[in-house]
Amino acid sequence: MDYTNPSLTVLSSEVRPGALRWRSPSNIALVKYWGKHGKQLPRNPSISFTLEGAATDTTLDYAVRTQAGEGVDVQLYLDGERNEGFTVRTRQFLESLLPIYPFLKQLSLTIHTSNTFPHSAGIASSASGMSALALCLVSLEETLFAPFKDREQYWAKASYLARLGSGSACRSVYGGAAVWGTLAGLPGSSDEYAVPVRDGLHATFQDYHDDILLISRSEKSVSSRAGHGLMEGNPYATARYAQATRRTDEMLTVLRQGNVERFGELLESEALTLHALMMSSHPPYLLIRPNTLSAIERIHQFRAETRLPLYFTLDAGPNLHLLYPHAMAAEAKTFIREQLLAFCEDQRYLADRVGKGPEALEVSGAAEGGE
Ligand code: DP6
């Protein structure tokens, strides 16, 4: 896929100022993306559930740029306050997109962004943030030029752009479940963008719960970016990539059949494998905390005692995601409250579930000015 398009420039006299707004959710990987190469291409396929509650709300204001200058003219506001760090990163990201969207240089852009989950929660916002921005950009392309001929192309391009910002973000543009990475058994799958698991996500999984235990919010000692990099020297890398390919394939079947036990086995093995890869990197590192392990032991005990299908996963950090079917929500909540909150920082957890995907929102008037 080559989206390079030098002809996407505007006639300045014809552009009216406007704004676009998207809310895009986070996602939780069931089979993990861990290791990348080239321009944000994954070493193995991955599959995720898109969440409902944890999301980023982004408004992109645009107007013709009146003063010529180098690069892209953008200002970013996080929760209403100008954020210099995010402004610099967003500018770099948008400049990297200039071969695809040369018109970005002709505009003045203001971005207002906020997350629905608390800052201090220690939840990564790159998947929701980058997918929300990518959706605003593809909507801007449609506003300034022509609508896409079909919606598939629209979502694929949004997913592609989101991937360039953060790999896992490309899976957030679809509701339900999404696969990123070429998979022999899934026609249309690609390393360059994610595809939705459209037909056949079993009813059990359509409203699956994902409650996030906030074990610790301290800064991670090794970023995801650095972690992906360390996979290049990991002695188990080749075997891992082959395993993840097989597992994504199997997970797809499991999601269609509704087998919650096999789902859980794969889910927990993926979480522990991800962290084993960190521990076997050079230099080795550890992101789980003692409370992560204590909570895992309780989860195992709970399953042994109740036979209920509540399983955990982890992303690149100490927080546990508890996944379970809606039918056992009451038991799960009691278990969390009575036995797991003690392991959480400030006794906090976020209740979430599988969601329907991003949503285009109305732009509210003058308050969005960004001055
Ligand atoms: C463990 O997508 O955050 O959550 O592409 O460098 O932005 P970058 O990495 P990122 O990595 C996510 C890793 C993961 C697994 C996953 O979401 O598949």
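Structure values in brief
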| quantity | calculated |
| --- | --- |
| About the Cα centre, charge dipole magnitude for the chain (Lys/Arg +1, Asp/Glu -1 at Cβ), debye | 640 debye |
| Using alpha-carbon coordinates, inclination of helix 260-279 to the longest axis of the chain, degrees | 70 degrees |
| Amide H contacts of residue 30 (H built 1.01 Å from N, under 5 Å, at least 5 apart or other chain) | 47, 48, 49 |
| Solvent-accessible heavy-atom area per residue, rounded to whole Å², over the range 85-241 at 1.4 Å | 39 Å² |
| Ordering of 21-34, 286-299 by burial proxy (mean other Cβ atoms within 10 Å per residue, highest first) | 21-34, 286-299 |
| Cα-based shape type of the range 203-353, given that a ≥ b ≥ c are square roots of the gyration tensor eigenvalues and the cut on a/c is 1.5 | oblate |
| Carbon/sulfur fraction of accessible area - the range 203-353, other protein chains in place, 1.4 Å, % | 51 percent |
| Set of lysines near residue 356 by C-alpha distance (under 29 Å), chain-local residues within fewer than 8 positions excluded | 32, 36, 39, 149, 157, 333 |
| J(HN,Hα) series, the range 133-141, from Karplus relation 6.51 cos²θ - 1.76 cosθ + 1.60, nearest Hz, glycine and proline x | 5, 4, 5, 4, 5, 5, 5, 5, 4 |
| Per residue value of the accessible surface for the range 275-326 (all protein chains in place, 1.4 Å probe), Å² | 44 Å² |
| Shape category assigned to the range 1-47 from the gyration tensor of Cα positions, a/c cut at 1.5 | oblate |
| Amide H partners (placed H, <5 Å) of residue 64, local residues excluded | 108 |
| Degrees separating the helix 84-96 axis from the principal Cα axis of the chain, which is the longest one | 70 degrees |
| Packing rank of 222-232, 160-170, 344-354, where each peptide gets the mean count of other beta carbons within 10 Å, highest leading | 160-170, 344-354, 222-232 |
| Local electrostatic count, residue 170, Cβ distance below 9 Å [Lys/Arg +1, Asp/Glu -1] | +1 |
| Coordinate range along principal axes, alpha carbons of the chain, Å, largest first | 70, 43, 43 |
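The values are calculated or read from the model by the stated rules, or taken from the named source; none is laboratory data. Quantities reported herein were computed from a predicted structural model and do not represent experimental measurements. Every residue, glycine as well, gets a Cβ built from its backbone with ideal geometry; the counts of neighbours run over all protein chains shown. The area values use the complete protein model at the heavy-atom level, side chains included, leaving out ligands, DNA and RNA. Shrake-Rupley method; radii C 1.70, N 1.55, O 1.52, S 1.80 Å.
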